[in-house]
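Taking it in order: structure first as structure tokens, then the write-up.
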Amino acid sequence: MRYVVLFEPGTAVGSAGREMSARCGTLAAYYPSIGVGVVDSADRRFERLVGTDRAYSAEAEQRERAAADGQSTALVPGRANVETWQGPVAAPSTAGSAGATPADAMPDTAGSADATPATAAPATGTAAAPAGGWNAAAVHAPEAHAVTTGSADVVVGVLDSGVDGTHPELAAAFDRSRSADCLSPARPDRSPEARSAPHGTHVAGIVAAADDGVGTTGVAPGVRVASVRVVDEAGYVNPEYAVCGFMWAAEHGIRVVNSSFLVDAAARGCTGEGSAVPREAVRRAVEHATSRGVLTVAAVGNERIDLSAVRRPDCDAVPVGLDDVVAVSAVGHDGVKAGYSSYGLGSVDITAPGGESRVPGHAGCVLSTVPGADYDRACGTSMAAPHVSGVAALLASRHPDAGPRELTRMLLASTSPMSCPSDYDLNSDSAQDALCRGYAAYNGFYGHGMVDARRAVTR
């Protein structure tokens, strides 16, 4: 059984290893600068021997939950911040249409954000959409590209399920030397392209798909992306995976990290049945990454909950609720908070296009890359976050000496403010589906406003 164990930061590896051996464990990986270890033990008493305030096993918890539900662990899914997938989409041409009105920016119609994955064909006319589609137009990416497409010296780490670095839109941007598979934190695999996945590849395309007139164009097509795999086959992000991912980014020259995931185990620390260890372990890793010059951008999640209603500090969504993390909500093609997106005054820093699945045919979702040289539309806060990561990468390209806090300041200062909607009744049942608190310059739906690539690179 694998455990995350907390030590005093600075504890020497030898001391940590001896302590774990004395408690029937083997130190598999250790990060002395933050005092977090990954320990294997076959002794069921291990957690009690070390202390429940220091040790936690996501693997054990998943097995217990599966057994309680009468399932195998492979059937208990984790959480990815994708609300809806459409299905493979033929690559539209984007040549010569940077100034066109998005053909798929149709008005929002009746329906529910709980829509099942679409099977309908894409809306006609997508070939006339601007490079990147309605979402690129919403963040003014084409105008920003007239100033800069980003620098190849800037690397965005896609902490996700894996990226297809051979995709024609990503091959030139993919940085294998900074990529790793953190599902084995003791010795991260350096050839993660062999384990690519749709979610991570879709996110990477939003950041940096090539500006080649085919398919879609990323927000920052001139930067590079590294695949840091932290999501397993069942969709889980165990805390040891996330810790490995942030520590890898800190030590390998990654400037911006995109985190389109939530660590389930950390959220359960809010309850009497949960543990505070996962949150603390990831918090330390993010803090260390920030100190090493890494800006972390994270999705707020698709739980459509008011995050500001959670008062206890150990109940923050992780990593999005941690200090120095830029928290991103999602809007639909109409510029209104997507029904699935979580929100909350003080919990959202910025918003970006995530799409809205209530649009017929799902043309209102975000088009991006998926493995096998294909494309797909998906809706979710997972799609919103990489728009912000892309703009952050453009800022890092323009300001190579800026640290993560300075990049955050510039990012938030360049947004387009958005007021709370006067009416937020998405399903026309005469009831408000969420309450937006705040004012135009800062509120619970949109934070400081819509990310704006053009304003970011011209201020």
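The values are calculated or read from the model by the stated rules, or taken from the named source; none is laboratory data. Fair warning: this is a prediction, and the values are worked out from it, not measured in the lab. Here the Cβ positions follow ideal geometry from the backbone for every residue, glycine too, while neighbour counts run over all protein chains shown.
Below, the figures for the structure above:
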quantity: Any hit, the range 344-354, residues being assigned by TED's automatic domain parsing to the domain that holds residue 403, under 25 Å from residue 256 (Cα atoms), surrounded by fewer than 24 Cβ atoms within 10 Å (Cβ to Cβ) and of a type in the set (A, V, I, L, M, F, W, C); calculated: yes
quantity: Qualifying residue in the range 61-72 (condition: assigned to a loop (DSSP other than H, G, I, E, B) and at positive phi); calculated: yes
quantity: Residue identified as within 17 Å of residue 136 (Cβ to Cβ), among the hydroxyl-bearing types (Ser, Thr, Tyr) and assigned to a helix (DSSP H, G or I) among 389, 397; calculated: 389
quantity: Identity of the residue in the range 400-420, free of Cβ contacts under 8 Å to residues at least 60 places away in the same chain and part of a helix (DSSP H, G or I), that ends up surrounded by the fewest Cβ atoms within 10 Å (Cβ to Cβ); calculated: 413
quantity: Verdict on residue 17 being closer than 23 Å to residue 246 by Cβ, free of Cβ contacts under 8 Å to residues at least 24 places away in the same chain and surrounded by fewer than 19 Cβ atoms within 10 Å (Cβ to Cβ); calculated: yes
quantity: Single condition residue 288 does not satisfy, out of (1) out of contact with any strand residue (DSSP E or B) (no Cβ under 7 Å at 6 or more places or on another chain); (2) crowded, with 24+ Cβ neighbours inside 10 Å; (3) in a helix (DSSP H, G or I); calculated: (2)
quantity: Residue match in the range 381-393 (condition: in contact (Cβ under 8 Å) with a residue 12 or more places away in the chain, under 14 Å from residue 198 (Cα atoms) and crowded, with 20+ Cβ neighbours inside 10 Å); calculated: yes
quantity: Which numbered condition residue 10 misses (of (1) of a type outside the set (D, E, K, R); (2) touching a residue at least 24 places away in the same chain (Cβ under 8 Å); (3) not in a loop (DSSP other than H, G, I, E, B)); calculated: (3)
quantity: Cross-chain or 6+ apart pairs with Cβ under 9 Å, the range 427-449 first and without any contact (Cβ under 8 Å) to a residue 24 or more places away in the chain and farther than 15 Å from residue 331 by Cα, then surrounded by fewer than 20 Cβ atoms within 10 Å (Cβ to Cβ) and hydroxyl-bearing (Ser, Thr, Tyr); calculated: 432/424; 439/419; 440/419
quantity: Odd one out for residue 227 among (1) of a type in the set (S, T, N, Q); (2) assigned to a helix (DSSP H, G or I); (3) in contact with a Phe, Trp or Tyr (Cβ under 8 Å, 6 or more places away or on another chain); calculated: (2)
quantity: Conditions (1) among the aliphatic types (A, V, I, L, M); (2) closer than 19 Å to residue 303 by Cβ; (3) touching a Pro at 6+ places or on another chain (Cβ under 9 Å): number failed by residue 370; calculated: (2)
quantity: The listed residue being modelled with pLDDT under 90, surrounded by 24 or more Cβ atoms within 10 Å (Cβ to Cβ), in the same structural domain as residue 310 (by TED's automatic domain parsing) and assigned to a helix (DSSP H, G or I), out of 194, 266; calculated: 266
